[in-house]
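Below is one structure, written out as structure tokens; comments come after it.
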Amino acid sequence: DAGVTQSPTHLIKTRGQHVTLRCSPISGHKSVSWYQQVLGQGPQFIFQYYEKEERGRGNFPDRFSARQFPNYSSELNVNALLLGDSALYLCASSPGTDYGYTFGSGTRLTVV
Amino acid sequence: LAKTTQPISMDSYEGQEVNITCSHNNIATNDYITWYQQFPSQGPRFIIQGYKTKVTNEVASLFIPADRKSSTLSLPRVSLSDTAVYYCLVGDSGGGADGLTFGKGTHLIIQP
């Protein structure tokens with residue numbers, strides 16, 4: 001059974017541009033969360049979605065948005081990219097909000 | 001205020017038992033203690049979770065004293081492939097609406 005898959009694996013964008021990252025959860029998992037991991041730090045929570053509704057949001061600006069589709073896949077969108085948005089973006093899925101999460105390998109975003 | 005405190009780094013040798021201790025003085029009654037392992041450019045991987053006393057699985061053991069203000073992850077007979085960052089988390093297993101809270105973790109380096 002496939003794990004959590006994220007695309008693309010690597011991405012280079014210019015300041016001010018917009019980016020969309022994609023995540024496919026493990027089959028049967030209805031909850032997806034997004035995390036940002038800057039080099040040398042632990043992952044920081046961005047969003048949690050369950051049954052296509054936002055259930056939690058971390059301390060990130062409104063430039064960050066996400067959505068979950070009927071098939072439970074998810075997109076993370078970041079507008080007006082800043083150099084500081086360069087990070088590994090991780091997606092994690094779970095059967096529900098009270099269960100442990102399985103993480104994908106992430107998308108490495110570099111903003112130049 | 002940090003929820004957990006753990007050493008920034010540790011060194012050991014192949015075949016040794018490694019114990020990583022985490023302090024969580026403000027743990028709440030309903031909080032679980034969860035450890036994750038992360039290799040470079042990969043997402044965190046769940047290792048073990050416990051509430052009290054001792055939990056053991058095929059990978060590690062988790063020791064939790066009665067006051068639950070600390071916990072120790074024990075890795076038996078480590079190998080070079082155990083070199084990774086290890087995170088101690090306290091809270092709901094799924095993080096709830098606030099997501100999982102990761103600190104900086106412990107960078108474990110295993111030498112031959």
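Every number here is computed from the coordinates shown, using simple stated rules; none is lab data. Everything numeric in this text was worked out from a predicted model, so none of it was measured. Please note: Cβ atoms are built from the backbone with ideal geometry, for glycine as well, and neighbour counts cover all protein chains shown.
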Q. When chain A is treated as a GNM, springs tying every alpha-carbon pair under 10 Å, which of A:GLN17, A:GLN41, A:GLN68 comes out with the largest mean-square fluctuation?
A. A:GLN41
Q. A:GLU75: net charge of surrounding residues, Cβ under 13 Å, Lys/Arg +1, Asp/Glu -1, itself excluded?
A. +2
(Q) Using a 10 Å cut-off around each Cβ of peptide A:94-106, what is the average number of partner chain Cβ atoms that fall inside? (A) 5
(Q) Name the residue from A:LEU76, A:VAL111, B:ALA66 whose Cα lies farthest towards the positive end of the charge dipole of the protein assembly as shown, charges +1 on Cβ of Lys and Arg and -1 on Cβ of Asp and Glu. (A) A:VAL111
Q.
How large is the direction-averaged shadow of the alpha-carbon convex hull of the protein assembly as shown, in nm²?
A. 12.4
Q: Can you work out the PRE-style zone for B:GLU17? Point 7 Å along Cα to Cβ, and I want the residues of region B:70-110 with backbone N under 16 Å.
A: B:72-79
Q: Specify the residue with the greatest mean-square fluctuation among A:ALA92, A:ALA66, A:ALA80, computed from a Gaussian network of chain A linking alpha-carbon atoms under 10 Å apart.
A: A:ALA80
Q) Please state the relative contact order of region A:25-112 as a whole percent: Cα pairs under 8 Å, 6+ residues apart? A) 31
**Q.** Tail fraction, Cα-Cα pairs, chain A, threshold 25 Å, whole percent
**A.** 14
Q.
Below 15 angstrom from the Cβ of B:LYS69, what's the summed charge of the other residues (Lys, Arg +1; Asp, Glu -1)?
A. +1
Q. Could you give P(r) for chain B, binned at 5 Å from zero, as whole percent values over all Cα-Cα pairs?
A. 2, 12, 24, 26, 20, 10, 4, 1, 0
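Once fully extended, how much extra length lies between A:ARG55 and A:HIS18, figured as 0.36 nm per residue of separation less the alpha-carbon to alpha-carbon distance?
Full extension of this stretch gives 10.9 nm more.
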(Q) Compute, for chain B, the length of the dipole vector about the Cα centre, with Cβ point charges of +1 (Lys, Arg) and -1 (Asp, Glu) only. Units Debye, rounded to 20. (A) 180
**Q.** Relative contact order of region B:1-110, defined on C-alpha pairs under 8 angstrom at six or more residues apart (%)
**A.** 35
